[in-house]
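First comes the structure, then the notes that go with it.
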Amino acid sequence: MSKIYTNEFIENIDKILDFLDDVSPTMIRYIKENSYSKFYLFYKFINHSDIPTFAKATKQNALEKNLLYYLSIDEMRELEITRKAFFETAHQSNIGLNLKFYETLRLPNPRDGSGYLLNDFKHVYLVNDNMTYFKLEFTKKIFDKLNKNYNSYRKIKDIELSNNDFTAINLSVRVHGIGASDDKGFHQLRANIFKGDLFCLLCEEKPDQKGKIFIILKKNPRFFTLLDMTNKTYENYQQKQMQKMTQIAKQQENIKENFNLDEMITRKFQPKWRKMLSDEIMACLQKDNEIICPFTWISADYTKVGTLFRASHIVSYAEANENEKFDINNGILLCANADALFDKHLISVDENKNLCFSFLLDDEILKSKLLLNQPIFKSILTDKRMEFMTRHYEKFKKLELLRRDSNYDLSSEII
């Protein structure tokens, strides 16, 4: 697994460009236009301590105060019971950062004294092309989807953006991190940042200049699956990569025998594809960096053993059309044994979101050993994902009919 997607700090310019390639076209262009600058990228996935409640939570398990989670209150309660673990409410009013951020940029250590205005040391900007979905319009759509009451938002307004690529913004540093309630613009913006969203600080250093910090935001894939929307930035990234690989294929197909373009494409997209599916499910869970298989409930820390899981296509890559091949709704994160069975249509999901099994797996002891004898984590089965799952289930039923035919060669399904 590539470390560039698990570290919180990147200073190699090629790795920064690779990281931002499907995040911010504006910053990719800016970095290339300012190739003589030194860039550092600090990033984190927003956790429970980074999000405001906008209503004081008086106890740890005040789930109704956790508006900025991509789960309904009922889903959170069900998860708490199933996993015997509480969701925590926000404890701080800042976005926490590693001390390496202050050390690298030679900023005062906020742990040593009082806070300060970051703008006294660096120019601070929002990257406008990443603010599209960080508006009340979309936040309230998520709340409506999750049946959440957002009366506490009645006085909140959207931040005003400039007509340029960047918007200057004031940003305070406090003992626990950056951002404070008196940073009006940033406070307005934070009202639309959910747990699991990506928060990046791209820092530019030039000799004898003040330096710049660009705030780059990216919605968690869960945002797009809940609203049945397409992530346009990632879609454009896909198209660009496909064009590159097609050109490579044309150059190589006459040189190498048995050149397989589909195999080349899946290898190229697999890391980001699995990362997107992992990010989505991480946004639903209590612990930072935790992922689970929704069929078996096997859990792990993605940053340590994420390779235990597979980014499984629901409708296979070969059978999906061009728009479906890397649509996140056509993917589901599964542990290796569940993926193998799902890929061969030996298990599927019916219209009631229940796991169903081939008659070949009619063995309760085997199901128990495979951890397939419990309800699915249904929150991940969004409406759009269920459309793909319906197609998987239809193929499952057709194969079941064939498997029951005494003349059918079962060995043809062996992996």
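If you go through region 190-212 and keep only what is part of a strand (DSSP E or B) and out of contact with any His (no Cβ under 7 Å at 6 or more places or on another chain), you end up with L198, F199, C200, L201, L202, C203, E204, E205. Per this entry, L146 is not counted among residues that are touching a strand residue (DSSP E or B) at 6+ places or on another chain (Cβ under 7 Å) and either of a type outside the set (D, E, K, R) or farther than 27 Å from F224 by Cβ (or both).
The one condition from (1) free of Cβ contacts under 8 Å to residues at least 60 places away in the same chain; (2) assigned to a helix (DSSP H, G or I) that L333 does not meet is (2). Scoring S368 on the criteria (1) assigned to a helix (DSSP H, G or I); (2) touching a residue at least 60 places away in the same chain (Cβ under 8 Å); (3) polar (S, T, N, Q) leaves a single failure, condition (2).
Here is a list: Y125, Y133, Y102. Which entry is farther than 10 Å from R174 by Cα, in a helix (DSSP H, G or I) and among the hydroxyl-bearing types (S, T, Y)?
One residue alone meets the criteria, Y102.
I'm told T167 meets every condition in (1) among the hydroxyl-bearing types (S, T, Y); (2) within 28 Å of E8 (Cα to Cα); (3) without any contact (Cβ under 8 Å) to a residue 40 or more places away in the chain except one. Can you identify the failing condition by its number? Going through the list (1) among the hydroxyl-bearing types (S, T, Y); (2) within 28 Å of E8 (Cα to Cα); (3) without any contact (Cβ under 8 Å) to a residue 40 or more places away in the chain, T167 breaks only (3).
Kindly evaluate V315 against the criterion of being part of a helix (DSSP H, G or I) and among the aliphatic types (A, V, I, L, M). Taking the combined requirement at face value, the residue does not satisfy it. Taking the condition at negative phi and in a loop (DSSP other than H, G, I, E, B), does N163 pass? Yes.
Would a scan of region 70-90 turn up a residue that is touching a residue at least 24 places away in the same chain (Cβ under 8 Å), of a type in the set (K, R), in the same structural domain as I178 (by TED's automatic domain parsing) and over 30 Å from S379 (Cβ atoms)? There is no residue in region 70-90 that is touching a residue at least 24 places away in the same chain (Cβ under 8 Å), of a type in the set (K, R), in the same structural domain as I178 (by TED's automatic domain parsing) and over 30 Å from S379 (Cβ atoms).
Give the residue that is surrounded by the fewest Cβ atoms within 10 Å (Cβ to Cβ), with candidates limited to residues of region 388-415 that are in contact with a helix residue (DSSP H, G or I) (Cβ under 9 Å, 6 or more places away or on another chain) and either modelled with pLDDT of 95 or more or assigned to a loop (DSSP other than H, G, I, E, B) (or both). So, considering only residues that are in contact with a helix residue (DSSP H, G or I) (Cβ under 9 Å, 6 or more places away or on another chain) and either modelled with pLDDT of 95 or more or assigned to a loop (DSSP other than H, G, I, E, B) (or both), the one surrounded by the fewest Cβ atoms within 10 Å (Cβ to Cβ) is I415.
The values are calculated or read from the model by the stated rules, or taken from the named source; none is laboratory data. In this text, all values refer to a predicted model and were calculated from it rather than measured experimentally. Because the Cβ atoms are built from the backbone with ideal geometry, glycine has one as well, and the counts that use them run over all protein chains shown.
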